[in-house]
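Remarks on the structure that follows.
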Amino acid sequence: MSDGGPGYRKPSWDEYFMAMAVLAATRATCERGRVGVALVRENRLLATGYNGPVGGNPDCRGQGTCRRTADGGCAETAHAEQNAVAYAARYGVDLTGCTCYLSGYSPCLMCAKLLIQCGCRRVIFRKPYRDTMPLEFLTETGVELALYVGPAPSITWADPEPPLPMSQAPEAARGQMPVVNAPLADWEFVANDTWCWPVVRVSTG
């Protein structure tokens, strides 16, 4: 990514929010594919979601097999659209008139109906789903559809930067500012007088 300067191009709103959907998808653990969603209104983010097991159940990856429904589908996963809408409902976020950015395929029929019912007015996706009926439902109910053909967002994680020296930290924060990263079980926090927050070492155990 460019640091700015004369050659820098500011992303459009569609590129910006599609990148958020792609970022959300990096949290997904479904072995069949990762999907992310960003729900937006008036260029402000309302909710995000990604596909994965329901709250309280373990991540899918590494289990080898998922429980199946009677028709052979995955019984474990809540879709990204479902999780985003459920999050908004839990915290009282009104989705009326929102735009849904999907990191991959257009919605399945179940999720298309959910988006209609929550008041979504526009759905932007990168690939059409194999079943066209969901698009028919969306079109019939006045939901605008758009195929995203802009630059493909790509999320990568760079090597961590060294901690800020204590001399550069606000005096009140010295020795108190924690390092934030996840999952916490993979890290060992070590007190260190040299830095303004604890040194973090990757657990090898």
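The values are calculated or read from the model by the stated rules, or taken from the named source; none is laboratory data. This is a predicted model, so every value here is computed, not measured. Positions of Cβ are generated from backbone atoms using ideal geometry, with glycine treated the same way; all protein chains shown enter the neighbour counts. In case anyone asks, the SASA skips ligands and DNA or RNA and just uses the protein heavy atoms, side chains included. Shrake-Rupley method; radii C 1.70, N 1.55, O 1.52, S 1.80 Å.
Determine if region 118-134 includes at least one residue that is open to solvent by less than 80 Å² (accessible area, probe 1.4 Å), touching a Cys at 6+ places or on another chain (Cβ under 9 Å) and among the basic types (Lys, Arg).
Looking for residues that are open to solvent by less than 80 Å² (accessible area, probe 1.4 Å), touching a Cys at 6+ places or on another chain (Cβ under 9 Å) and among the basic types (Lys, Arg), one finds at least one in region 118-134, hence yes.
May I ask you to list pairs of residues, at least six apart or on different chains, whose Cβ atoms are under 7 Å apart, with the first in region 106-135 being in contact (Cβ under 8 Å) with a residue 40 or more places away in the chain and the second being part of a loop (DSSP other than H, G, I, E, B)?
CYS120/LEU95; CYS120/CYS98; CYS120/VAL143; ILE124/TYR148; ARG126/SER103; ARG126/GLY104; ARG126/TYR148
Go through region 79-105 and report how many residues are within 16 Å of VAL143 (Cα to Cα), among the hydroxyl-bearing types (Ser, Thr, Tyr) and in contact with a strand residue (DSSP E or B) (Cβ under 6 Å, 6 or more places away or on another chain).
Result for region 79-105: 2.
Rundown of residues vs (1) of a type in the set (Phe, Trp, Tyr); (2) within 11 Å of the chain's Cα centre (by Cα); (3) surrounded by fewer than 19 Cβ atoms within 10 Å (Cβ to Cβ), yes/no style:
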{"residue": "ASP14", "(1), (2), (3)": "no, no, yes"}
{"residue": "PHE17", "(1), (2), (3)": "yes, yes, no"}
{"residue": "VAL22", "(1), (2), (3)": "no, yes, no"}
{"residue": "VAL35", "(1), (2), (3)": "no, yes, no"}
{"residue": "ALA38", "(1), (2), (3)": "no, yes, no"}
{"residue": "GLU42", "(1), (2), (3)": "no, no, yes"}
{"residue": "TYR50", "(1), (2), (3)": "yes, yes, no"}
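Applying the selection to region 135-144, what residues are charged (D, E, K, R) and either in a strand (DSSP E or B) or surrounded by 14 or more Cβ atoms within 10 Å (Cβ to Cβ) (or both)?
GLU144
Given the conditions (1) touching a residue at least 60 places away in the same chain (Cβ under 8 Å); (2) of a type outside the set (Gly, Ala, Ser); (3) closer than 20 Å to TYR129 by Cα, and given that ASP71 satisfies all but one, which numbered condition is not satisfied?
That leaves (1) as the condition not met.
Any idea which residue in region 69-79 is farthest from the chain's Cα centre (by Cα), counting only those that are under 15 Å from LEU109 (Cβ atoms) and not hydroxyl-bearing (Ser, Thr, Tyr)?
ASP71
Please name all residue pairs, on different chains or six or more residues apart, with Cβ atoms under 7 Å, provided the first residue is in region 37-51 and is aliphatic (A, V, I, L, M) and the second residue is in a loop (DSSP other than H, G, I, E, B) and modelled with pLDDT of 95 or more.
Qualifying pairs under 7 Å: LEU39/LEU95; LEU39/CYS98; VAL40/CYS98; LEU46/VAL93; LEU46/LEU95; LEU46/CYS98; ALA47/VAL93.
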